[in-house]
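Just so you know, all these numbers are worked out from the coordinates, no wet-lab data involved. As the structure is a computational prediction, the values presented were derived from the model and not from experiment. Cβ sites come from the backbone with ideal geometry, for glycine too, and all protein chains shown count toward neighbours.
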Amino acid sequence: MSIVKKLSEADFGDFINVLANAYPGARLVSQEDKEKYRQRLFQRHQRDPLFDCYGLYRDGSLVGGMAIHDFTMNLLSTKAKAGGLDSVAVDLVHKKEKVARDMTAYFLKHCKARGATLAMLYPFRPDFYKRMGFGYGTKMSQYRVRPASLPRGSSKEGVQILGKEDRPALLACYNRCVERTHGMIERSALELDTLLDRPGVRAVGYKKNGKILGYLFFVFRRGREDNWLINDIHVREIIYETREALARLLTFLHTQLDQIDHIVFNLQDDAFHHLLLDPRNGSDNLIPLVYHESNTQGVGLLYRVVDTPGIFQVLCEHDFGGQDCRLELSIRDDFFPENDGLTIVRFEDGRPHLMQEGSAFDVQVRLDISDFSSMLLGVVSFKHLYRYGLADISDARYIEVVNALFRTEEKPVCMTEF
């Protein structure tokens with residue numbers, strides 16, 4: 001029998017040993033390294049009220065562990081609770097004994113119990129969590145750009161190096177962007193400190209009238225190991241509230257061209273290449289017939305609805321495309337059976353209203369919870385899911401209506417690392 005509970009201080013050492021073996025790339029080899037990591041993790045466990053570490057025990061022994069974050073995010077312009085799953089680790093001798101599966105099931109119950117209708121995680125393997133009902137989020141694009149290819153504006157006035165005294169203003173800038181960006185998660189001062197206190201991280205911001213309206217977090221990296229004069233800038237985060245702020249920050253990066261070989265951006269933005277004089281990333285890869293490689297992409301953050309009726313209650317003020325329709329959703333959720341089944345929603349001028357089971361409806365849509373989760377967040381359209389055979393509809397005349405219900409102007413953007 002599996003028992004999941006919060007880790008006690010005495011169990012953190014065992015959890016670090018499990019983590020070290022589960023993720024050898026973390027290089028927690030020496031006792032000194034393990035002890036430093038244990039102290040850091042336990043301190044956060046104590047200090048951060050929205051972060052807790054849990055262990056899964058069998059016969060009194062710790063066989064797996066995880067961390068759970070309680071987030072507040074912008075979900076389609078609505079402030080909503082969400083859960084984040086982190087550091088899922090299984091003891092080496094208990095692999096393939098459904099330890100990770102049991103911990104994930106506990107995590108979903110935790111989310112629902114605290115009123116979070118959405119769960120998120122960064123997967124070690126997307127297919128593993130796809131089978132548990134997690135849907136793909138927005139792809140991350142890596143652009144590798146020559147500084148001279150960035151637009152140089154008329155001025156970089158107001159751009160300056162930021163110090164610790166600027167952190168409250170940095171945090172305020174970030175959280176203002178959360179208010180108007182679908183998918184972003186509110187950040188605490190502790191999280192900002194954790195990000196900026198990493199070795200080598202620098203902050204540059206654009207100030208106007210004493211207010212930070214945009215900033216860059218970046219690190220320097222060697223461009224070539226055999227030549228110390230060739231260096232790159234890796235942008236860890238870029239935030240801007242106005243066109244002017246973006247233009248000033250890009251001008252700052254452009255003016256690094258005499259000493260910087262490339263600037264590397266990791267962005268959830270498929271349109272970024274329109275900004276660039278030369279969008280090629282230096283690989284010289286050519287995709288037939290003549291398509292120059294501009295960026296590489298990856299699938300990362302996954303989303304999962306844990307309470308289908310509940311998420312429409314959370315989104316009661318969201319405009320689902322201005323549509324009028326009575327929709328029955330038939331959701332397949334084999335992993336979390338309490339979320340499996342039928343939900344009937346009446347949309348009036350786009351606003352959703354839950355209806356009782358057995359109520360009349362205009363059209364039924366059938367799909368897996370993973371695909372529904374991606375569709376709800378605007379990552380993929382209903383038309384694509386229908387075209388791929390991942391969704392069925394009882395009346396094809398409603399395809400355009402259903403597609404409009406779940407169409408969003410922007411895909412979700414998440415900058416939170418967990």
Near Gly200, within a Cβ-to-Cβ distance under 12 Å, what is the net charge of the other residues, with Lys and Arg +1 and Asp and Glu -1? +4
Lys, Arg +1 and Asp, Glu -1 on Cβ, resulting dipole of segment 159-277 about Cα centre, debye, nearest 20: 340 debye
Just going by the charge dipole of the chain, with Lys and Arg at +1 and Asp and Glu at -1 on Cβ, which of His318, Tyr54, Leu171 is farthest out on the positive end? Leu171
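Among residues other than Asp269 whose Cβ falls under 11 Å from its Cβ, what is the net charge (Lys/Arg +1, Asp/Glu -1)?
Once all neighbours under 11 Å are counted, the net charge is 0.
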Report, in debye and to the nearest 20, how large the dipole of the chain comes out about its Cα centre when Lys and Arg carry +1 and Asp and Glu carry -1 on their Cβ. 720 debye
Taking every DSSP beta bridge that has both residues in the chain, what percent is antiparallel when rounded to the nearest 5? 85 percent
Which residues' amide hydrogens lie under 5 Å from the amide hydrogen of Asp269, considering only partners 5 or more residues apart or on another chain, with H built in the peptide plane? Ser141
Debye, to nearest 20: dipole size of segment 274-330, +1 on Lys, Arg Cβ, -1 on Asp, Glu Cβ: 140 debye
Under the rule rounded for a/c under 1.5, else prolate if a/b exceeds b/c, else oblate, using alpha carbon gyration tensor axes a ≥ b ≥ c, segment 307-405 is classed as rounded
Please report the spacing between the Cα centers of segment 320-353 and segment 66-135 in Å, no decimals. 22 Å
Please list, by residue number, everything in segment 189-232 whose backbone N is under 18 Å from a paramagnetic label point 7 Å out along Cα→Cβ of Ile161. 196-207, 215-221, 232
Remind me, relative contact order of the chain in percent, using alpha carbon pairs under 8 angstrom and six or more residues apart? 17 percent
How about Lys34: which lysines have a C-alpha closer than 24 Å to its C-alpha, ignoring those fewer than 8 places off in the same chain? Lys5, Lys6, Lys95
Segment 365-412 to segment 155-216: how many Å between their Cα centroids? 36 Å
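At a temperature of 25 °C and a viscosity of 0.890 mPa s, determine how fast the chain diffuses translationally according to Stokes-Einstein, using the Kirkwood radius over alpha-carbon pairs as Rh; express D in µm²/s, rounded to the nearest whole number.
In µm²/s, the coefficient rounds to 104.
Can you flag which of Lys81/Lys139; Lys109/Lys164; Lys109/Lys211; Lys36/Lys130; Lys98/Lys383 are past 32 Å Cα-Cα?
Checking Cα-Cα distances, Lys109/Lys164; Lys109/Lys211; Lys36/Lys130; Lys98/Lys383 exceed 32 Å.
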Would you kindly derive the ³J(HN,Hα) couplings of segment 9-18 from the backbone phi angles with the Karplus curve 6.51 cos²θ - 1.76 cosθ + 1.60 (θ = phi - 60°), listing them in order in whole Hz, with x for Gly and Pro? 4, 5, 8, 5, x, 5, 5, 5, 5, 5
Binned at 10 Å starting from 0, the alpha-carbon pair-distance distribution of segment 1-76 in whole percents comes out as 18, 46, 28, 7, 1
Please enumerate, by chain and number, the aspartates and glutamates with C-alpha under 20 Å from the C-alpha of Lys112, excluding those fewer than 8 residues away in the same chain. Asp52, Asp70, Asp86, Asp102, Glu186, Asp307, Asp333, Asp334, Glu338, Asp340, Asp368, Asp371
Suppose R0 equals 51 Å. What FRET efficiency, 1/(1 + (r/R0)^6) with r the Cβ-Cβ distance, do Val290 and Thr242 give to the nearest 0.05? 0.90
Along the dipole axis of the chain (charges at Cβ: +1 for Lys and Arg, -1 for Asp and Glu; origin at the Cα centre), the most positive-end residue among Asn403, Leu276, Asn231 is Asn231
Charges on Cβ only, +1 for Lys and Arg, -1 for Asp and Glu, centred on the Cα centroid of the chain; of Met120, Asn17, Ala148, which one is farthest towards the dipole's positive end? Ala148
Under 12 Å from the 7 Å Cα→Cβ point of Phe124, by amide nitrogen: which residues of segment 1-37? 18-26
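Ranked highest first by average number of other Cβ atoms within 10 Å, how do 163-175, 244-256 line up?
Those peptides, ordered most packed to least, come out 244-256, 163-175.
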Applied in sequence order to segment 148-162, the curve 6.51 cos²θ - 1.76 cosθ + 1.60 (Karplus, θ = phi - 60°) yields integer Hz couplings, x standing for Gly and Pro, of 5, 7, 7, x, 9, x, 6, 7, 10, 4, x, 7, 8, 5, 9
Rule-of-thumb Rg ratio for segment 114-200 [Cα; 2.2 N^0.38 Å; N residues]: 1.51
